[in-house]
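> Provided herewith is a single structure, encoded as structure tokens, for subsequent inquiry.
What follows is calculated from the coordinates using simple rules that are stated; it is not laboratory data. Everything quoted here is computed from the prediction, not taken from an experiment. Every residue, glycine among them, receives a Cβ derived from its backbone with ideal geometry; neighbour counts consider all protein chains shown.
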Amino acid sequence: MARDPITPAALATRPMLFASGEEAYVASAVRRTVETPDGADPAWADGVVAALEPGERALCALSFAAGAPALAHLVVGSEHALQRPPHDASVQRTYEVTEFPTADAYAGMVEAALAKIATGALHKVVLGRCLDVVSTPPLVPAEIIDRLLTTRPGRYVFSVPLVPGTDAGPPSDGPILVGASPELLVRREGLSISCTPLAGSVPRSADPDEDARRAEGLRQSAKDLAEHAFVVEAIVHALKEVCVEIEYPATPELLSTDTVWHLATPIRARLADGVDGPSALRLAQLLHPTPAVGGVPTAAANAVIADLEGDLRDWFAGCVGWVDGRGDGEFAVTIRAAVMDGPRLRLFAGAGIVAGSEPASEVRETGAKLATMARVTGLP
């Protein structure tokens, strides 16, 4: 697949990749970067796919909000182990950590959302919080990705610079989006479509008996099952616009990461034969944002998010993945993610708020999710 299997130095220190399961697609050269101020614009997505030549892919990142930026790096690359220079695992760092909002302030946000839900204005809203970590000496992108590929806290490991690249590779500085998402937004392979939404979760326990009890409690939780159903219904409704067959189990499964149990529903669908169906990138636009990161109804939830969170999200809770010239590709939801910019690493995690949610529980849930990426930075 690769036309140039050699990884330039710029890519070695700032890898551009998307890993799914046991395989990582790593860019070896960047043809050009196509940006847009509106990541929901279908003409932009169609133009990205049309510009791809055989053997090329577009590595893409879309922001959370409607009308917010997106970018696609048109690259050549191959499926192989990440090539990077060795780093000194014994590097001693100091960290300055800022939590915002604080746990108490976040609990207040949850209470405000519950008051909105009680009026009937909305049924569900996802609220997030962040950690800013400033490290001395600065963390290195390749070091973070190395740890993510080794520990695999989520199936989908990604590294996408958020500024344009050139034929020589990605930029040597500027922000870079990294993470290990457990959630598949959409995969297209020919006519076959797959989605695996996650909604409803509980922190894991180091004690096996307690961990099993929490997992079973999540499986039986009326509150979490209702939260999950909102997401599945929204995705199925959207897929009905473009698919002729849709299949999914009546009840969700349990999916675990290193820190969290999730409710998950595998959805399988098929595009119509003989029809030039939407590309994986267009499908990502069609589905994103799902109620797993937004809420129900969408407009009301987004208004509450903007009011209570402000501008925390940016690229977080968006989607990231790849598409090729045939329209095939794979996109994950941008959770368990961080934006690295010089010495600063910003982490984000959210929790779904529905009737019956408890502020203290949502604080614990977001803390467990933040812990996934915090550990990768070396934080105790």
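> If eta is 0.692 mPa s and T is 37 °C, what Stokes-Einstein diffusion coefficient results for the chain, Kirkwood Rh from Cα pairs, in µm²/s?
D, rounded to a whole number, is 157 µm²/s.
> P(r) of segment 238-380 in 5 Å steps, Cα pairs, percent per bin?
2, 8, 13, 19, 20, 17, 12, 7, 3, 1, 0
> Each label point is 7 Å from the Cα along the Cα-to-Cβ direction; what then is the distance between the points at Thr151 and Ile246, in nm?
3.7 nm
> By counting other Cβ atoms within 10 Å of each Cβ, how are Arg268, Arg187, Arg346 ranked from fewest to most?
Fewest to most other Cβ atoms nearby, the residues stand as Arg268, Arg187, Arg346.
> For a label point 7 Å from the Cα of Glu96 along Cα→C-beta, name the residues of segment 315-358 whose backbone N is under 13 Å from it.
343-345
> So between Ser78 and Ala299, what do we pick up on full extension, going 0.36 nm a residue minus the alpha carbon distance?
The span from Ser78 to Ala299 would gain 75.6 nm if fully extended.
> Here's another thing I want to ask about it. For Ala105 and Leu191, what is the calculated FRET efficiency with R₀ set at 45 Å and r taken between the beta-carbons, to the nearest 0.05?
0.40
> Rg/Rh for segment 196-303: what does it come to with C-alpha atoms and Rh from Kirkwood?
Rg/Rh for segment 196-303 comes to 1.04.
> Then there's this: Using per-residue counts of other Cβ atoms within 10 Å, averaged over each peptide, order 322-330, 188-196 from highest down.
Order by mean packing, descending: 322-330, 188-196.
> Quickly rank 285-297, 136-148 as a protection proxy: mean count of other C-beta atoms within 10 Å, highest first.
For the peptides 285-297, 136-148, the packing ranking is 285-297, 136-148.
> Continuing with this model, one more query. Taking the convex hull of the alpha carbon atoms in segment 111-239, what volume per residue do you get, in Å³?
Spread over its residues, the Cα hull of segment 111-239 gives 224 Å³ apiece.
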